[in-house]
1. Taking 0.36 nm per residue of sequence separation and subtracting the Cα-Cα distance, how much length would be gained by fully extending the chain between Leu95 and Arg307, in nm to one decimal?
2. Nearest 0.05, what FRET efficiency do Phe194 and Arg272 give at R0 = 41 Å with Cβ-Cβ as r?
3. Work out how much length Glu229 to Val36 would gain on full extension: take 0.36 nm times their residue separation and subtract the Cα-Cα distance, in nm to one decimal.
4. Using label points projected 7 Å from each Cα along Cα→Cβ, tell me how many nm separate Arg527 and Glu260, to one decimal.
5. What FRET efficiency comes out for Arg409 versus Gln465 if R0 is 30 angstrom and r is the Cβ-Cβ distance? Round to the nearest 0.05.
6. Residue by residue, what Karplus-based ³J(HN,Hα) values in Hz, rounded to whole numbers, does the stretch 140-146 have, using 6.51, -1.76 and 1.60 with θ = phi - 60° and x for Gly and Pro?
7. How many angstrom separate the Cα center of the stretch 245-265 from the Cα center of the stretch 106-157?
8. Tell me the label-point distance for the pair Arg49, Leu148, using the 7 Å Cα-to-Cβ offset, in nm and rounded to one decimal.
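Derivation of every value follows stated rules applied to the coordinates shown; laboratory data play no part. This is a predicted model, so every value here is computed, not measured. Cβ: placed from backbone, ideal geometry, glycine included. Neighbour counts: every protein chain shown.
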Amino acid sequence: MSTPSSALSLLAASTTRGLAGNNRRLILTRWLAGVVVLLATAFTVHGLRLPLPEAPLYLVGCFILAYNAVLAWLTRRAYTPDDVAYGQRIQRLVLWQVGLDWLSMWVFMHLTGGIASPGITFFFIHVVMVTVLLPGQSPYIYAGIAVLGVVLIALLEGAGILPRYSPLPGVTCELCANPMYAVAQVLFLAVGLFATAYITASIIQRLRLRERQISALLQTAEDVNATLELGDTLERLAINAALALSVSGASIRLLDSSGETLQMAASYGLSRVYLEKGPVALSASQVDREALSGQAVIVHDPQRDPRVQYPAEMAAEGIQSVLAVPILGRRRPLGVLRVYSRDANRFDQEDADFITAIAQQGAIAIENALAHDALQRADHERAQFVRTVTHELRAPVTGAQSLVSLLSRNIVGELTPEQRDIVDRLEKRFDLLLALIGDLLAFAASKAVDLKQPLVPVSLTTTLQQVVERLAPQAQHKGLDFSLNLPPEPLTVQATEEGLARIFDNLIGNAVKYTPEGGKVLVSAWREGPSVHVSVADTGIGIPAEDIEKLGQEFFRAANAREANITGTGLGMTIVKQLLGTFGGLLSVQSMVGQGTTFTVTLPLAAEGA
C-alpha cells in the first residue's frame, strides 16, 4: 500500500537524482573552464600581446583544475543508498563549488581589468547555474555575494592595495579609477545578476512544477491501478494529490446511495477533529454542488465564502485555501476530491486543471474497485447459495441412498434380476450425486471468505500417507502398481489439513480412477530449496493437449474422460487450483493421450518454528 512516507521518498529520490546529475555536469563544465583559462591566457599574452599577468592567470587555471579534481573525488565518495543523506551531501558539495568558483572568478576578474574586465560576464553564467542547482533564495544570496566581491575588489584597487590591470585598448586605469564609472559598472552588474536570477528561477520553478506534476500523474496512475481494493485506491489518490501540489492535506468524499450526502472515504494531512466535524450535505455545501456539476471550484477565503459549509472548522484547522474537483465516473458523479492549503490564495487555474487530471485517473480506478467489490460480493453470495442448497440436499439424498441400500442387501425381500439392475444403477447415481454435493460444498467453502480456515503448519508427509492408504483398496481392486516415494526428512507446509487432503484426494484419486487395470500410479515428494514438490504420475488415459488449458474450469471434463463413461463432477480440478492459490502453491501438468499424466504440485515449505 502506498503511504505518505513512500511517496515522499520517491519525491526525495527524484530530487536527489536531479541534483546529483547537475552536480556532475557542473564538474564536467569546470574541467573545460580550467583548460579554457590556461589556453586563453597563452593566446591573449602571446598571440594578441595584451599586457596580462601571465603567471597569476596560469595559477588561476591550475587552481580551478585542482579543486575540481578534489570535488570530483568527493562526489564519488558522497554516494549512499539513503536518498535524503545523499542529497544533503551533494548539496554541501554544491555550496563548496559555488564558493570556490566565486573566489576564482573574483581573482580572474581582478587580473583581467577589475570592474572593466570582460570576464565579469562569467558571473551571469554562474548565477544561472546556481539557480538551477540550488532552490529558494540561494541564487539571490549568491548574486549579492558576487556584487559585494566586485565592490570589494574595486575599493581595494582604488585604495592602491591591489594593482590595476588594463588589458583592453581604450580601457585605461584612469577610467577604472573614475568613481562614476565604477558605480555604474557595479549597478549594471547588480541589476543584471538579480534579473538573471529572477528570470531563471521563474523558468526553473515552472519546469520543476511541471516535472513534479507529470511525475505525480504517473505515480497516481501506477498507484491507483496497483490494487482493486477501494480503500487503498482512495488513500493513494489523496496522498498523491496533496504531495503533488505540496499542500497540507487532501480528502475524498464519495456520494452515498441517496445522492444527497458526501461520505468521507479517504484523507491525508487532516486532523481527526476536522474529519469528524459532521456530514457534508449537498444542500448545505455549494462548493460540492458546483464541483459535482463538473467544474473545479477554487475557494480563496473559506472563512468568508458563503459556499463553504464549515467555515469555522476550516479556520480552526488552519485552512486558508481550498480546491475542489469532481470525480466523474462514466455514468454519474462519484464524489469530490479536495486539496487544502494553509496559504491564502494558494490555488490557480493551472492547479485546478492538474488536480482534475488526477481525479479523472482516480475515477477509472474507483469504478474498477467498485466493480471488483460488487463481483466479490456476488461471488460470495453465490457460494453461500450453493453451500445452503447442497447442504439441504445432502440429507434427503443420503436418506434415499440408505433406502436403496436396504433394497440392494435384500433386507426387505429378494430382488429379481431386473430389479437388481435398477437398484445397482440407482446406487451408482446416488454415489455420483453425493460426490457432486461434496464437491459443491468444498467449492463453495473455497469461494466464501468467512468459511476459509486460517493457514497452519501441516505435515505433507502424513497427509500423503493417509491419502495413499485411503485409496490403496481401490488401486488393489484394479490391480494397479500403486506406490509412494517420500524423502527421509519430514515435510511441512503452510495450509489447512482438510484443504491439503482434498488436493491430493483429487489428484491421486483421479490417477487411480483414470488408469486402466494393470497400470501404474507413482506418488513422489522431494524438497528443493524453500519449496516442496509432489508429483502424481500415472499410466492412464491421458488428457488431450487442447483440454489441458481448460483444466480448472468449473464442471469441465476432458473429452476422452466423458467418452470412457468414467463418472466425475468436473469440479475436482477447480477446487485443487483454488486451494493451491490459497496456499501459495503452483500446479503443472504433463500428459499424452493413451500414455498417462503427471501432475506436479509445488508448495512453499512452512517456516521453521511456525
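1. Additional length available on full extension: 71.5 nm.
2. Values: r = 46 Å, r/R0 = 1.13.
Calculated value: 0.30.
3. Values: separation 193, 0.36 × 193 = 69.48 nm, distance 6.05 nm.
Contour length minus the Cα-Cα distance gives 63.4 nm.
4. Modelled inter-label distance: 6.6 nm.
5. On the way: r = 33 Å, r/R0 = 1.10.
So the FRET efficiency works out to roughly 0.35.
6. 5, 5, 5, 4, x, 4, 4
7. 52
8. For Arg49 paired with Leu148, the spin-label model returns 4.4 nm.
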